[in-house]
Each structure stands twice: as structure tokens, then as C-alpha cells.
1. Go through B:SER61, B:SER49 for me and flag whichever is more than 47 Å from the chain's Cα centre (by Cα) and small (Gly, Ala, Ser).
2. Scanning region B:80-109 for residues that are under 45 Å from the mean Cα position of the chain (by Cα) and in a loop (DSSP other than H, G, I, E, B), which turns out nearest to B:GLU38 (Cα to Cα)?
3. Any idea which of B:VAL66, B:VAL104 is in contact with a helix residue (DSSP H, G or I) (Cβ under 8 Å, 6 or more places away or on another chain), buried (at least 16 other Cβ atoms within 10 Å of the Cβ) and hydrophobic (A, V, I, L, M, F, W, C)?
4. Against the condition at pLDDT below 95, under 30 Å from A:GLU50 (Cα atoms) and basic (Lys, Arg), how does B:ARG253 come out, does it pass?
5. Quickly run through region B:161-200 and pick out the residues that are aliphatic (A, V, I, L, M) and within 16 Å of B:PRO267 (Cα to Cα).
6. What tally of residues in region B:232-248 results from selecting those that are surrounded by fewer than 19 Cβ atoms within 10 Å (Cβ to Cβ) and among the aliphatic types (A, V, I, L, M)?
7. Applying the selection to region B:130-164, what residues are in contact with a Ser or Thr (Cβ under 9 Å, 6 or more places away or on another chain) and among the charged types (D, E, K, R)?
8. Out of the residues in region B:357-390 that are modelled with pLDDT under 85 and of a type in the set (Lys, Arg), state the one that is nearest to the chain's Cα centre (by Cα).
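The values are calculated or read from the model by the stated rules, or taken from the named source; none is laboratory data. Keep in mind the model is a prediction, meaning the values are calculated, not measured. Every residue, glycine among them, receives a Cβ derived from its backbone with ideal geometry; neighbour counts consider all protein chains shown.
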Amino acid sequence: MSREPDFEDAFERLEEIVEELEGRDVGLDEALELYEEGVELVSTCRERLEEAEEKLEVLGEDEG
Amino acid sequence: MDDLPAIHDDRVYTVSEVTDRVSHLLGEDPVLRDVRVEGEISNYTHHSSGHMYFNLKDDDSVLGCVMFRRDNKRLEFTPEEGARVVAEGRVGVYAERGEYQLYVDVMREAGRGELYERFLELKEKLDGEGLFDRERKKELPSYPSRVGVVTSDSGAALQDIRDVLRRRYPVHVVLSPARVQGEGAAEEVAEALGRVDGLCDVVIVGRGGGSIEDLWAFNMEVVARAVSECETPVVSAVGHEVDTTIADLVADRRAATPSEAAELVVPDASQLLRRLDGYRSSLDSGVRRLVDAHTQSLDRFERVLERQPVIMDYGDRLDRLEEDLDVEVERVVERKQDRLREASGLLESLSPLEVLSRGYSVVESDGDVVRSVGDVERGDPLDVRVRDGRIRGGVEDTERSG
């Protein structure tokens, strides 16, 4: 089974990052690092959502 | 009534009093207060008020019946002349007509009686085992990547589910095919559930709409057990709005139709993409605001530096540096992450402390750092250390400031 906790985590992490960047006490270095991480997460998630068509797999009757 | 002792009573009663008495007697009777009557419908009228009036009859007798609107709304079939039904209610008196009649609360088709009884029995049994308990319900995953489907591979349900998924969110559909009606359907559905369990993030089990008989597999114990034993969250989608099947009760979530089930199990990708866009612009504006804030503190440093005469000369340079910084800031925000690493390095080198250290120079005379006017005299050699080398000279004059 290929659960995607990554995807859920990515959204949570993004929310965190945005919140931090909106705060006052972030150094420039840290801000840029957060920004970079955030931008990467956005594009990873975007890729996943724009992935190719839904696929169909049919389980064989004899497997049970 | 024969066994009631006769009471001699010369009083003359009104009609209403007699009727009340009859009514009272009927109300006292433990059977007539709540009775199930089987019979054939005749003289059926569905009045414009919404109430239903009809007779129930058998070979020898007729029983007048009324079923009020609020009760007949829940009927699962449309009564018609000659239909055999079981009506449940109380026998009472309709005073204005001097008639007694059955006030029907619930009515079902007699032909379905046996099935219905079995349904109720099973429901009660499984309920007793706690199979319908809320605490047992598993949460559906927010972002599944594999969606299991247990239904007929030729039915409309599969197409409906796939259509919705295709439109909404990219997933892998794992079909575990099973016949959903007819002899042996229940067993097939149960087996198919077992096969797909664990191979996906969430399972939809169901079929498109049909008559209650068509849906019957989903009222069978073997299906109920299979649903409850699934480790994977199960969404039932037995296409029938009115009837709740046992499978619906055991499933972690119930959808009225296969399409609705598909909508339940996946999020809407376009909405998520909009959310991502939102995050993206928050990131941009957040980093820009922070960079602006840091630029402003740089301005403050500059003003402090300008008040120091020794460092006055560096004011221009600082201006240039600041302009450079502005340019870099623009680039950072506009050219996005491929430029970020580089911009990050640049910005770091332009950070206030670095600038400050570049702005200061160390002046030495004969190897000692000059800290005060008093450290040197006219004619002493000066050795000015700057970032990229040394400048040599001598003291022409000294003057104490302030």
C-alpha cells in the first residue's frame, strides 16, 4: 500500500513555513532557507496533483 | 364482552357519550392498541390532503384504515388496489361517522415480509455486537493514492466512480470485481472485499440503483462481516436513497450513490492547487517583507555610521552597497528558487554585520592599533588595513573631536 503521508505532511509544513515567514523574528538567512523549502514543497505537491490520468488495475479472481 | 356484569342504568346517554365509551374500551384493549394486520387493500384513495384512506379486507371482513401524511411519507412502496400488506397501528373510533378504523403508522408489502423480518433480525444482532458503533468507524485518508472498488466490472457504478475520480484527483483505481446481484452475489462481494483489503488506502463497495431485491446482497451477513473485518476504511455506495442496507450501517462512511462515494474519498485537486497558489504568494510576500525589514535596519546602521567622522568616507560606498542589495532583493523575489541559493549567499555577505566589518578599517601605527587621538603624534607612520590590503601613510595632524 502506498499511502502518502508526505503529501499531507507537505501541506502542514507549508502552513508552518508561511506562518513563520509572516512572523517578525526571522533572520534573513533563515527566511531564505524557509522560502526555498516552501517553494520546493509547492512544486512537489503541484507535480503530484497534475500527474497523469487515473489508472485502473483489476485484481484477478484467482488471487483470493 | 359477554363476561362483563350487566349494570342496570336508567340513564339516557348522548351519542357522544356512547361513542366515547366505545373509544375508551378500544383504547384499553392491549391488542388493539398496537396491532399488526395483514390484508388486501381496497377502495384506496390518496387524498389531496396527503392522507391515505383504504380498506383492508380478507375473505370475510373489512377493516377501514387511515394513514396520515406524516406516516405515509415514510412508505417504501406505493400502495395500490389489491396489494397484500401488513399494516401496523391502533384501532380507534372515528366519532363523526360512528366507525372504528385502523390508524396505520407503518405499512409494508406482505410479500416482502419474510425478507424484511430477516433484515430486522440481522440488524438487531449486528447492532448488539456493536458493529454499527460510531467508535468503530475508521477515518478516511485525506489524500489517498490508491482507491479500491468492489463492484461489478460491467456496471454503471464503476464508470461513475472513475468519471468522478478522473475529474477530481489523480489516483490509482484497484478494481476487485464481484457480481452484485443474483445468487451468490453476497459471497462474491465479501470475497472481493477481502482481496482488495490492504492493497489500497480506501475501498468503495457498492452498486448503482436498483430495486430492494437487487440490493439484497448488501443486506447479507457475509457482506456485513466482510465490511467490518476490512482493515482499510470502507465507504458503502448502494445506490438507493431511501433504504439503508446493513452494509451501509457497518461501513465507515455511507454514500447514497457510487459517484457520491468517489467524491467522498478524494479531495478536489483544483481546490488544492488554489491553496498551493495561495501558499506560494504568501511565501513571496513573506520573504519580501523580511528582506525589506532587514534593508531598513541597514538604513539605520548607515545613519549611525554617518555620524562617525572617521567613517564618513564610507557613506557613499554604503549607498552603493544598499543599491546593490535592492537589486539583489528584486532578483531574489522575481527569479525564484533557482536563484535563491546564490542570492542567499550574496545577501548574507551584505548583512549588516558584514557591511559594518567592511566599513571599519583597522589603523595601526608601529604595530599598535590606533584607538585614540592620543595614541599618535604628528609624523608617526600609519598603517591602514582594509579588506583587500594595506594603505600606508603618516599623521599630518591630530585633533580631538567633541
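1. B:SER61
2. Out of the qualifying residues, it is B:ALA83.
3. From the options B:VAL66, B:VAL104, the qualifying one is B:VAL104.
4. Considered against the rule, which asks whether it is at pLDDT below 95, under 30 Å from A:GLU50 (Cα atoms) and basic (Lys, Arg), B:ARG253 comes out as no.
5. B:ILE161, B:VAL164, B:LEU165, B:VAL171, B:VAL173
6. Adding up the residues that qualify gives 1.
7. B:ARG136, B:LYS138, B:ARG146, B:ASP160, B:ASP163
8. For region B:357-390, the residue satisfying everything is B:ARG358.
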